[in-house]
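Single-structure report; data block below.
The values are calculated or read from the model by the stated rules, or taken from the named source; none is laboratory data. Predicted, not measured: the structure shown is a model, and the values here were computed from it. Cβ atoms come from the backbone with ideal geometry, glycine included; neighbour counts cover every protein chain shown. To get the accessible areas, we keep the full protein, side chains included, count just its heavy atoms, and leave off ligands, DNA and RNA. Shrake-Rupley method; radii C 1.70, N 1.55, O 1.52, S 1.80 Å.
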Amino acid sequence: MLPKNTANNIPQNIINKLKESKNIIILPHVSVDGDALGSSLALALALKKAGKNVRVYFEEEIPQVFTFLPGKEFILKYSNFNEDSSKMSKAETVVALDTGDLERLGNRVEIFNNSENKINIDHHPTNTYFAEINYVNPKAAATCEIVYELIKAIDIELDNDIALCLYTGILTDTGGFKFGNTTSITHLIVSELLNYQLDIPTISYRIFDAVSKEKLKLIGKAINTIELHEDGKLALATVTKKMLEETGALDEDTEGIINYVRNINGVEIAALFKEKEDLEIKVSLRSKSYADVAEIALKHNGGGHKNAAGCTINAPLGEAKKIIFDDLIKAINTHKS
Ligand code: 5GP
Ligand code: MN
């Protein structure tokens, strides 16, 4: 059990709403990551055990790296509200997980708007409190930490599958317990999860180390684009659509590339510009210590955490870089006490 007053305090109205509801829809954010996926599947598995009808709607395919996760029976791909045949596009209760703002729900915002009770559970400090019931805890390293508490609060027993989903989300959002968001609570929760059957070396290998030839070639190309500015404190890199085509790498293979850029000695801020479409550039931002990249992302309609954030800029690649460049320089030269 976690020490009192240090754990997440799940509001009673969230517990009540979930206990009272029969039909529940769970929505992770677009470009789903390990935490959004892990927290969604863990909550779905738990609510199913409590006799609920649960669906998890995704905007896109599940990244291959996470296909080992259980709970596939709950997953539905959502393309268009009117074409949805599952008859679950509307629920008594909808829960957005790990989602900082309504835009991060993509087209599924329709499901959110059409459901009776709207709940928002997240750990991003930039969360916009977009639901009727909001629980945002920026001290939680991952939304999976909050969902762990929630499952306990509803009195549902953990099991191997739920533990695997929660562990995966915590592992990915803490970068393998290496990022500054890792706390004693993180380790307390994980120490309990480790009582279940988790194949730690296999999970770690799949998430952090396994790499296809195509991805490795893409990493090589991306590394070749690195430019350093401000005495090497700012590093920029690019992944173009052409680079994906030339290497045969998948969109999800861009995951993790930003870490090579961030890890360069002397770099404080790393920015990766990913060309999704000609006029749609996804910017991933990382800082090593003092710079607040969430502030920069917020200014460009994105969000995230102080040391890891992102946004989308609707402009050609070269233009997108220019649009955000001054903010990056300013953040490099701003030392808040
Ligand atoms: P990544 O660079 O890995 O896509 O995202 C880093 C962090 O920023 C994650 O916590 C992610 O949820 C958040 N993030 C990335 N892009 C956006 C965005 O467009 N809007 C918001 N609100 N958060 C974002
Ligand atoms: Mn998260």
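The set of residues in segment 282-321 that are hydrophobic (A, V, I, L, M, F, W, C), touching a residue at least 40 places away in the same chain (Cβ under 8 Å) and part of a loop (DSSP other than H, G, I, E, B) contains only Ala291.
Of everything in segment 261-311, what is open to solvent by less than 60 Å² (accessible area, probe 1.4 Å), under 23 Å from Glu245 (Cα atoms) and not aromatic (Phe, Trp, Tyr)? Give them in sequence order. Listed by number, the residues that qualify are Val261, Ala271, Leu272, Lys274, Glu275, Ile281, Lys282, Val283, Ser284. Checking Ser184, Ser191 one by one, the residue that is of a type in the set (Gly, Ala, Ser) and free of Cβ contacts under 8 Å to residues at least 40 places away in the same chain is Ser191 and no other. If you go through segment 147-160 one residue at a time, do you hit one that is open to solvent by 20 Å² or more (accessible area, probe 1.4 Å), assigned by TED's automatic domain parsing to the domain that holds Val32, part of a helix (DSSP H, G or I) and among the small types (Gly, Ala, Ser)? Yes, that holds for at least one residue. Each residue in segment 113-131 was checked for being away from ligand 1 (no atom under 12 Å from the Cβ), open to solvent by 40 Å² or more (accessible area, probe 1.4 Å) and touching a residue at least 40 places away in the same chain (Cβ under 8 Å), and 0 of them qualify.
State whether one or more residues within segment 44-65 are outside any helix (DSSP H, G or I), in contact with a Leu (Cβ under 7 Å, 6 or more places away or on another chain) and either more than 30 Å from Glu214 (Cβ to Cβ) or not assigned by TED's automatic domain parsing to the domain that holds Asn181 (or both). Looking through segment 44-65, at least one residue is outside any helix (DSSP H, G or I), in contact with a Leu (Cβ under 7 Å, 6 or more places away or on another chain) and either more than 30 Å from Glu214 (Cβ to Cβ) or not assigned by TED's automatic domain parsing to the domain that holds Asn181 (or both).
Taking segment 240-260 as the range and being touching a strand residue (DSSP E or B) at 6+ places or on another chain (Cβ under 8 Å) and open to solvent by less than 60 Å² (accessible area, probe 1.4 Å) as the test, the residues that pass are Thr240, Thr254, Ile257, Ile258, Asn259.
Within segment 254-280, the set of residues being within 16 Å of ligand 2 (Cβ to nearest atom) and under 12 Å from Ile226 (Cβ atoms) comprises just one member, Ile258.
If we keep just the residues of segment 161-176 that are in a helix (DSSP H, G or I) and polar (S, T, N, Q), which is nearest to ligand 1 (Cβ to nearest atom)? Reasoning before the result, please.
The first filter runs over segment 161-176 and keeps only residues in a helix (DSSP H, G or I), leaving 161-173.
Subset that is polar (S, T, N, Q): 168, 172.
On the way: Thr168: 15, Thr172: 10 Å.
Among those that are in a helix (DSSP H, G or I) and polar (S, T, N, Q), it is Thr172.
With Tyr135, Tyr129 as the choices, which residue is part of a strand (DSSP E or B), in the same structural domain as His187 (by TED's automatic domain parsing) and out of contact with any Ser or Thr (no Cβ under 8 Å at 6 or more places or on another chain)? Break it down stepwise before answering.
Values: Tyr129 fails: part of a strand (DSSP E or B).
After applying the criteria, what remains is Tyr135.
Would you mind stating whether Asn80 is surrounded by fewer than 24 Cβ atoms within 10 Å (Cβ to Cβ), modelled with pLDDT of 90 or more and more than 16 Å from ligand 2 (Cβ to nearest atom)? Break it down into steps so the answer makes sense when it comes.
On the way: surrounded by fewer than 24 Cβ atoms within 10 Å (Cβ to Cβ): yes; modelled with pLDDT of 90 or more: no; more than 16 Å from ligand 2 (Cβ to nearest atom): yes.
No.
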